[in-house]
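The values are calculated or read from the model by the stated rules, or taken from the named source; none is laboratory data. Here the structure is a predicted model, which is why all the values come from computation and not from measurement. As a convention, Cβ positions derive from the backbone with ideal geometry for all residues, glycine included, and neighbour counts pool all protein chains shown.
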Amino acid sequence: MVLNKNPEIVAAVDLGSNSFHMIVARIKDGQLQVIDAIKEMVRLAAGVTPEHGIDAPTSERALECLQRFGQRLGNMHAEQVRVVGTNALRRASHGFEFLHAAEKALGYPIEIISGMEEARLIFNGVCHCVSTIELKTLVIDIGGGSTEIIIGQNATPSMMESLHIGCVGTSMSFFSNGKITAKRFEKAILAALQEFEPIAYSFKKAGWNQAIGSSGTARSIADNITDLKLGDGLLTLASLYALRDRLIESGHIHSIALPLVPPERAVVLPGGLAIMIAAFESLKIEHMQTTDCALREGILYELIGTHEKLDTHSHTVTSLCARYHVDMQHASRVESTALHIYAQVAETWQINQPDLKQMLSWAAMLHELGLSISHSRYQFHGAYLIEHSDLPGFNRQEQAEVATVIRLHRRKLHQEYLETHPFTRQSRLLHLIIVLRLAVVLHRSRSEQAAPELKIKINQQNISLIFPKGWLGLHPLTKADLKQEAEYLMTIGYHFEYR
């Protein structure tokens with residue numbers, strides 16, 4: 001997300017699995033000057049139910065926090081604020097009701113981002129806080145519900161992974177009620193080592209010149225190592241073992257004095273430490289410095305566009321087209337016609353929003369993605385690739401919505417796929433789908449000639465497509481395709497005529 005004009009103030013909100021963070025910064029000479037920051041321990045991950053929702057006590061705690069954030073951000077425009085949700089909200093796939101309430105409490109839309117997108121933004125944030133970005137860098141960020149591992153250089157990541165292990169889940173599983181024993185630590189480290197095992201070889205082979213631990217867990221570990229005089233703050237395996245042994249000696253998280261760690265973070269420290277030890281053992285890390293900067297700083301710098309002028313979404317779409325051998329000329333013709341139709345219906349259908357126009361463009365360029373797998377039901381193959389791939393720049397909602405537009409761009413309109421989206425988005429997505437369907441029909445012959453200068457009129461659920469005089473008579477195949485399309489649209493209550 002890059003703004004056309006830099007605002008004076010920007011804000012990022014990180015709805016993490018353990019804590020919620022808000023940071024507000026003033027832009028000065030292309031750099032950020034933090035003017036306000038709020039952090040509240042919500043422990044959202046602990047409230048995700050087996051049914052993939054958010055339980056009532058956690059929901060209440062989270063909404064109260066978001067109301068406070070919303071009051072602070074109340075005078076800011078939407079383009080100045082970006083709000084992202086991470087692992088816990090990714091897991092709460094049935095939490096539409098909570099998400100709607102959360103957006104209402106905060107006053108801004110919430111993006112649920114993938115683990116890989118989280119990793120990309122974390123690396124972006126770290127690179128703006130260290131002076132040695134020219135070195136090949138390993139970054140490890142242990143969050144409440146996931147752990148991101150990135151290698152990159154000169155602010156460009158080259159390897160990224162997101163592991164489904166975090167300090168909240170690990171602490172709940174192995175250090176329940178705050179009890180700490182050598183056996184529990186051994187089990188927790190082993191479980192973390194199993195998560196690192198599939199990616200350890202490739203990361204060690206890639207190598208790095210410096211290692212950085214980002215965000216709260218790494219800093220909390222480093223601060224306690226220094227405070228307990230177990231090291232100088234630079235993380236080593238020896239200092240991590242020393243902190244582990246000190247925690248084991250205490251027997252309980254509340255039996256050891258940790259003045260630098262608030263009680264709500266102390267309860268997840270053993271889990272975070274176990275994961276960090278596993279990272280050092282698995283990746284053979286010799287030493288690591290730490291930084292507070294991470295996801296939220298990455299969001300802010302991307303908001304103001306100082307990190308990368310290139311539109312990440314566009315780069316991702318272009319890369320997908322190349323990877324799956326999409327016919328770019330044909331896709332561009334479909335996109336052009338879809339946008340021509342969109343311009344005529346956007347106001348009436350209430351889809352005149354930049355994000356919806358952009359979504360239509362992406363779907364048009366990617367609608368034949370699935371042909372690389374099979375022509376039969378290729379719209380389903382393409383949708384699957386979009387929905388389940390790690391797409392830099394895209395959040396989960398964007399991926400799901402583009403996937404639905406692609407899935408329904410031809411043949412039968414299965415409305416149950418629309419019903420998986422929030423109700424307020426369903427009619428807008430349906431109208432984007434209809435626009436793309438018409439554009440695809442008009443280019444089915446794959447002719448290099450441009451589509452005719454057509455006009456489209458709509459009145460509620462009545463659609464009229466008007467061609468230049470005599471054009472349809474010269475294109476009987478297109479006329480037959482339009483007849484078939486009219487039958488498909490009739491099944492969802494739309495009357496489509498053409499002349």
> With respect to the numbered conditions (1) over 15 Å from the mean Cα position of the chain (by Cα); (2) closer than 18 Å to residue 19 by Cβ; (3) not β-branched (Val, Ile, Thr); (4) not in a loop (DSSP other than H, G, I, E, B), which one is the sole condition not fulfilled by residue 144?
Replying inline: (4)
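Kindly indicate whether any position in region 405-412 is among the β-branched types (Val, Ile, Thr), assigned to a loop (DSSP other than H, G, I, E, B) and out of contact with any Gly (no Cβ under 6 Å at 6 or more places or on another chain).
Kept after step one, since they are among the β-branched types (Val, Ile, Thr), are these residues of region 405-412: 405-406.
Filter once more, so that each one left must be assigned to a loop (DSSP other than H, G, I, E, B): none.
Among the residues of region 405-412, not one is among the β-branched types (Val, Ile, Thr), assigned to a loop (DSSP other than H, G, I, E, B) and out of contact with any Gly (no Cβ under 6 Å at 6 or more places or on another chain), which makes the answer no.
Table: residues versus (1) buried (at least 21 other Cβ atoms within 10 Å of the Cβ); (2) β-branched (Val, Ile, Thr); (3) under 20 Å from the mean Cα position of the chain (by Cα).
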| site | (1), (2), (3) |
| --- | --- |
| 22 | yes, no, yes |
| 28 | no, no, no |
| 37 | no, no, no |
| 54 | yes, yes, yes |
| 64 | no, no, no |
| 72 | no, no, no |
| 79 | no, no, yes |
> Can you name the residue in region 336-351 that is in a helix (DSSP H, G or I) and in contact (Cβ under 8 Å) with a residue 40 or more places away in the chain and, of all such residues, is surrounded by the most Cβ atoms within 10 Å (Cβ to Cβ)?
Replying inline: 338
> Restricted to region 445-499, and to residues that are of a type in the set (A, V, I, L, M, F, W, C) and in a strand (DSSP E or B), which residue is nearest to residue 410 (Cα to Cα)?
Replying inline: 496
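Please specify each residue of region 352-381 satisfying the condition of being part of a loop (DSSP other than H, G, I, E, B) and either surrounded by fewer than 21 Cβ atoms within 10 Å (Cβ to Cβ) or at positive phi (or both). Spell out the reasoning first.
Step one: of region 352-381, the residues part of a loop (DSSP other than H, G, I, E, B) are 352-353, 367-368, 373-377.
Selection gives 352, 353, 373, 374, 375, 376, 377.
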> Of the numbered conditions (1) within 27 Å of residue 202 (Cβ to Cβ); (2) surrounded by fewer than 19 Cβ atoms within 10 Å (Cβ to Cβ); (3) in contact (Cβ under 8 Å) with a residue 24 or more places away in the chain, residue 134 satisfies every one except a single condition; which is it?
Replying inline: (3)
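If you scan region 372-385, which residues turn out to be free of Cβ contacts under 8 Å to residues at least 60 places away in the same chain and farther than 24 Å from residue 481 by Cβ?
To start, the set of residues in region 372-385 that are free of Cβ contacts under 8 Å to residues at least 60 places away in the same chain comprises 372-384.
Residue satisfying the conditions is 384 alone.
The rows are residues; the columns are (1) of a type in the set (D, E, K, R); (2) within 26 Å of residue 43 (Cα to Cα); (3) surrounded by 13 or more Cβ atoms within 10 Å (Cβ to Cβ).
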residue	(1), (2), (3)
236	no, no, yes
246	yes, yes, yes
251	no, yes, yes
257	no, yes, no
263	no, yes, no
270	no, yes, yes
>> Tally up the residues in region 39-52 that are in a loop (DSSP other than H, G, I, E, B) and either in contact with a Cys (Cβ under 9 Å, 6 or more places away or on another chain) or surrounded by 13 or more Cβ atoms within 10 Å (Cβ to Cβ) (or both), please.
In response: 3
>> With outside the structural domain of residue 156 (by TED's automatic domain parsing) and at pLDDT 95 or above as the only criterion, which of 467, 394, 423 stands out?
In response: 467
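Residue by residue, here is whether (1) hydroxyl-bearing (Ser, Thr, Tyr); (2) at pLDDT 95 or above; (3) assigned to a helix (DSSP H, G or I) holds:
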position: 76; (1), (2), (3): no, no, no
position: 83; (1), (2), (3): no, yes, no
position: 94; (1), (2), (3): no, no, no
position: 97; (1), (2), (3): no, no, yes
position: 105; (1), (2), (3): no, yes, yes
position: 119; (1), (2), (3): no, yes, yes
position: 122; (1), (2), (3): no, yes, yes
position: 132; (1), (2), (3): yes, no, no
position: 135; (1), (2), (3): no, no, no
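Determine whether residue 322 is in a helix (DSSP H, G or I) and surrounded by fewer than 15 Cβ atoms within 10 Å (Cβ to Cβ).
Here the answer is yes, as residue 322 does meet what is asked.
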>> I'd like to verify a number: residues in region 153-187 that are of a type in the set (A, V, I, L, M, F, W, C), within 25 Å of residue 302 (Cα to Cα) and not in a strand (DSSP E or B), how many?
In response: 1
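Within region 23-36, take every residue that is among the aliphatic types (A, V, I, L, M) and in contact (Cβ under 8 Å) with a residue 60 or more places away in the chain and give me the one that is nearest to residue 141 (Cα to Cα).
Restricting attention to region 23-36, the residues satisfying the condition of being among the aliphatic types (A, V, I, L, M) are 23-25, 27, 32, 34-35.
Okay, now just the ones that are also in contact (Cβ under 8 Å) with a residue 60 or more places away in the chain, so 23, 25, 27, 32.
Details: 23: 18, 25: 22, 27: 26, 32: 22 Å.
My answer is 23.
Any residue in region 285-300 that is closer than 19 Å to residue 173 by Cβ, at pLDDT 85 or above and assigned by TED's automatic domain parsing to the domain that holds residue 169? Show your work before the answer.
First, the residues of region 285-300 that are closer than 19 Å to residue 173 by Cβ: none.
Checking region 285-300: not a single residue is closer than 19 Å to residue 173 by Cβ, at pLDDT 85 or above and assigned by TED's automatic domain parsing to the domain that holds residue 169.
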> Applying the selection to region 401-446, what residues are loosely packed, with under 14 Cβ neighbours inside 10 Å and of a type in the set (Asp, Glu)?
Replying inline: 416, 419
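From the list 257, 238, pick out the single residue that is free of Cβ contacts under 8 Å to residues at least 24 places away in the same chain and in a helix (DSSP H, G or I). Steps first, answer last, please.
Working: 257 fails: in a helix (DSSP H, G or I).
The match here is 238.
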